[in-house]
Amino acid sequence: MALALMLVVGSVAPVAFAATSQDVTITAVPTWITISNDLNTWTLNGITGDSFIDVDTIYYSNPLGDTTQPTATVVDGECRFTIDTTGCSVAVDLSVNCGNFTNNLMDNSGTGANGATTYGGYSYYSGGSNAGVVMAESGSGVLISDLAVDTTKKWGAWVETRTDAWDAGTSCTATMTISAVEHT
């Protein structure tokens, strides 16, 4: 009878021998963007010229000549810079901004057109049009869209100097920045 009682009690209140919880490991790998550019300097009229600039003149970052306009469809040899997306995990959109020149030499017009004290600027890339994309001080349009991971692309820029004579002969600099954001 005791055995029968144990069997009845055992079936009414079973003993739990199985695990009552399980862990799940969650893995999260973020997308990342790391670009590199092969050169970090450009002297207007300093690639093949004498490094002195004139008013109302377009200077290209073209290794074939500072005042040589790239062909209608730009080729690699007409671009000074090479961007590399090897450090990216996603395709990117690239844009180029350029600030004002120091010593009040020239301010960026933001429109691509030059003026009395302003310069106009554009960026371009190999395989694209030599007309390029306006290079504003900030918020420039997309130069290259959907550039794949592990890709290199040649690119360049041009600056059209101010229309009025210089106020002084002081050397000056501006910063041109190529930036990448995830292509959506």
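The values are calculated or read from the model by the stated rules, or taken from the named source; none is laboratory data. The structure displayed is predicted, hence computed values, not measured ones. Positions of Cβ are generated from backbone atoms using ideal geometry, with glycine treated the same way; all protein chains shown enter the neighbour counts.
When segment 86-104 is limited to residues that are under 21 Å from Thr175 (Cα atoms) and hydroxyl-bearing (Ser, Thr, Tyr), the one that is nearest to the chain's Cα centre (by Cα) turns out to be Ser95. All told, Gly127 meets the bar of being over 17 Å from Thr57 (Cα atoms), at pLDDT 95 or above and not hydrophobic (A, V, I, L, M, F, W, C).
For segment 28-67, filtering for residues that are surrounded by fewer than 14 Cβ atoms within 10 Å (Cβ to Cβ), under 17 Å from the mean Cα position of the chain (by Cα) and either part of a loop (DSSP other than H, G, I, E, B) or of a type in the set (Gly, Ala, Ser) (or both) leaves 8.
Looking at the structure I just gave you, is Thr163 among the polar types (S, T, N, Q), under 18 Å from Thr41 (Cα atoms) and in a loop (DSSP other than H, G, I, E, B)? Considered against the rule, which asks whether it is among the polar types (S, T, N, Q), under 18 Å from Thr41 (Cα atoms) and in a loop (DSSP other than H, G, I, E, B), Thr163 comes out as no.
Looking only at segment 139-163, count every residue that is loosely packed, with under 14 Cβ neighbours inside 10 Å and closer than 14 Å to Ser109 by Cα and tell me the total. Residues meeting the conditions: 1.
Considering only segment 8-27, I want to know if a residue exists there that is in contact with a Cys (Cβ under 9 Å, 6 or more places away or on another chain) and either closer than 30 Å to Val181 by Cβ or at pLDDT 95 or above (or both). Scanning segment 8-27 turns up no residue that is in contact with a Cys (Cβ under 9 Å, 6 or more places away or on another chain) and either closer than 30 Å to Val181 by Cβ or at pLDDT 95 or above (or both).
Please work out if Thr71 is surrounded by fewer than 21 Cβ atoms within 10 Å (Cβ to Cβ), over 18 Å from Leu39 (Cα atoms) and in contact with a helix residue (DSSP H, G or I) (Cβ under 8 Å, 6 or more places away or on another chain). Steps first, answer last, please.
Values: surrounded by fewer than 21 Cβ atoms within 10 Å (Cβ to Cβ): yes; over 18 Å from Leu39 (Cα atoms): yes; in contact with a helix residue (DSSP H, G or I) (Cβ under 8 Å, 6 or more places away or on another chain): yes.
Yes, satisfied.
Filtered by the rule that a residue be outside any loop (DSSP other than H, G, I, E, B), in contact with a Phe, Trp or Tyr (Cβ under 6 Å, 6 or more places away or on another chain) and surrounded by fewer than 21 Cβ atoms within 10 Å (Cβ to Cβ), segment 77-133 gives a lone residue, Phe81.
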